[in-house]
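Notes follow the structure.
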Amino acid sequence: MEFFSRKKKSISNSQAELYGHPLQFYGQPPLENMSLTEFEAFAVDRLKLLKTVENLGVSCVKLSDQYTRKLDSESKALHFVYRPDTDDRKPQTGPSDYEKRRKDHISHFILRLAYCQTEDLRRWFIQQEVDLFRYRFNNLSPKQKLEFLHKNNLQYDTVSVEDKKILQDKLVSSSYAVSGVKVEDQDFYKVPFQDALDLVRTRKVYLKAGYAYIPHQDIVTIVINDFRTRLSKALALTARSLPAVHSDERLQPLLNHLSHAYVGQDYSMQKNVGKISLEQIDPLSGKSFPLCMRQLHQSLRENHHLRHGGRMQYGLFLKGIGLSLEQALQFWRSEFIRGKVDADKFDKAYAYSVRHMFGKEGKRTDYTPYSCMKVILSNPPSQGDHHGCPFRHSDPELLKQKLQVYKVSPSGISQILELVKGMHFQLACQKYFDLTHNIEDANFSLNHPNQYFIESQKVLGGGKDIKREADTPQRSQESSATSGTSATSATGESAANASQGLAEMTEELDSFFQDA
Ligand code: SF4
């Protein structure tokens, strides 16, 4: 497919064909040229949309009015397709529809590249994409649904009028979807039963001789199954092509950081330096630290040592909440010399790395505290480590015991464990926030341990001094760790350089943090 300059708004036949319908199975990859700036901006926007899908999937009933309304408004804000024109008399697609469909198509494929890399990433991506697809399919008019089925060769056998008459009673009693509707006014499809397992499992369909008889309203289940299967296969195939993608030095760091991407406030800028005293850390850790940091703090106090993964995660968090370099040096030194490290060894082996974290050594980069996505998805803890996300990395039984020690109610623990089981780790953490702050709904979407801290301070009313100014800019984590390059304003060249730079810098910092 040839790429036409967007300025001319010229649309080729193949593009008109590809974007002729508001919904697609993403069967063909985009083949046009685009700038790295647009590449990154599209990916970040889709990530935001999928995060919203994830949050709504747990906080609302899927496809309820509230769910649909919120997803409509997020899709609209991010310039994605949100409510296809259902007026069939209008021409098929205008330029703005075209732009939205193009963005949808390209951004899906970019995230495929970023999210095919591990089993966890694939599972998360498929779940959110399937939910997004379901919402969009549901928004189509009956005519558009039929068009979609035809366009994608999903032409299931229609049950004949004669057969419907013969099977009338059975069809009515087996399918909830047809109660109150005349069978003769309804289209039924004959589908191999293995393609309709969701309906079979919930006993919502009539089965005969290996075929499920599905009313038109339930065909969405089949289409979604199909979408899930295709996406799962496509991700496996994409994973095989990763070595080729990774050899492109502009894309590799960008994709790596996208899969760990955190899209939100930047917590690297210290607005509250020195506003927290070292004496405040103990009480704050019990009241306002998320579980990951509470666990790290407790281990540090007990063992007078943390391995490098823990020092990175906790050290950057403390920096983000306002510890100055001098305070950080004092904090780590006083704790370490209570254990097996003497003051001399601390100064030689560890002080450099603390100064490095504050941008006072090496490349003098001001490092960004880790986001939840980074903590959850990278560098899993091994034996003897205390870093990571307890909701993701702890055994459920251990997590339960920990929550009991922290006086979370039995019903609260069950709710948290249920969310963990569904792999909604940040939502589990948010539930922990609600329960430990004794509130119904904190009304924020958790993305970052430092965000947890700030929100906690707001709730506890103690955030006057340490609360972050509201106008702190929003930017993605990967670009925030670089010298102020924003996700949407960077040029393509600088976006790639920024990501590359971040990878190098993180590696460099990691090496300084290795145990001496
Ligand atoms: Fe920490 Fe985020 Fe995990 Fe909560 S969800 S424990 S803030 S990493």
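The values are calculated or read from the model by the stated rules, or taken from the named source; none is laboratory data. Computed from a prediction, not measured in an experiment: that's the story for all the values here. Cβ: placed from backbone, ideal geometry, glycine included. Neighbour counts: every protein chain shown.
Computed values, structure above
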{"quantity": "Hey, Tyr370 under 36 Å from the mean Cα position of the chain (by Cα), within 16 Å of the ligand (Cβ to nearest atom) and modelled with pLDDT of 90 or more or not", "calculated": "yes"}
{"quantity": "Among the residues listed as Leu427, Leu419, the single one being over 19 Å from Val459 (Cα atoms) and among the aliphatic types (A, V, I, L, M)", "calculated": "Leu419"}
{"quantity": "Any hit, the range 364-373, residues being outside any helix (DSSP H, G or I) and of a type in the set (D, E, K, R)", "calculated": "yes"}
{"quantity": "Residues of the range 413-429 satisfying the condition of being over 18 Å from Gln127 (Cβ atoms) and not hydrophobic (A, V, I, L, M, F, W, C)", "calculated": "Ser414, Gln415"}
{"quantity": "Pairs where the first residue, in the range 387-413, is farther than 24 Å from Arg311 by Cα and the second is near the ligand (Cβ under 10 Å from one of its atoms), C-beta under 9 Å, 6+ apart", "calculated": "Val408/Tyr432; Gly412/Tyr432"}
{"quantity": "Any hit, the range 390-408, residues being more than 19 Å from Phe433 (Cα to Cα) and surrounded by fewer than 21 Cβ atoms within 10 Å (Cβ to Cβ)", "calculated": "yes"}
{"quantity": "Tally, over the range 57-76, of residues that are part of a helix (DSSP H, G or I) and either among the aromatic types (Phe, Trp, Tyr) or buried (at least 16 other Cβ atoms within 10 Å of the Cβ) (or both)", "calculated": "8"}
{"quantity": "Every residue from the range 437-450 that is near the ligand (Cβ under 8 Å from one of its atoms) and part of a helix (DSSP H, G or I)", "calculated": "Pro449"}
{"quantity": "Residues of the range 352-365 classified as crowded, with 17+ Cβ neighbours inside 10 Å and of a type in the set (Gly, Ala, Ser), total", "calculated": "1"}
{"quantity": "Selected residue [part of a loop (DSSP other than H, G, I, E, B), within 15 Å of the ligand (Cβ to nearest atom) and charged (D, E, K, R)] from Asp434, Asp385", "calculated": "Asp385"}
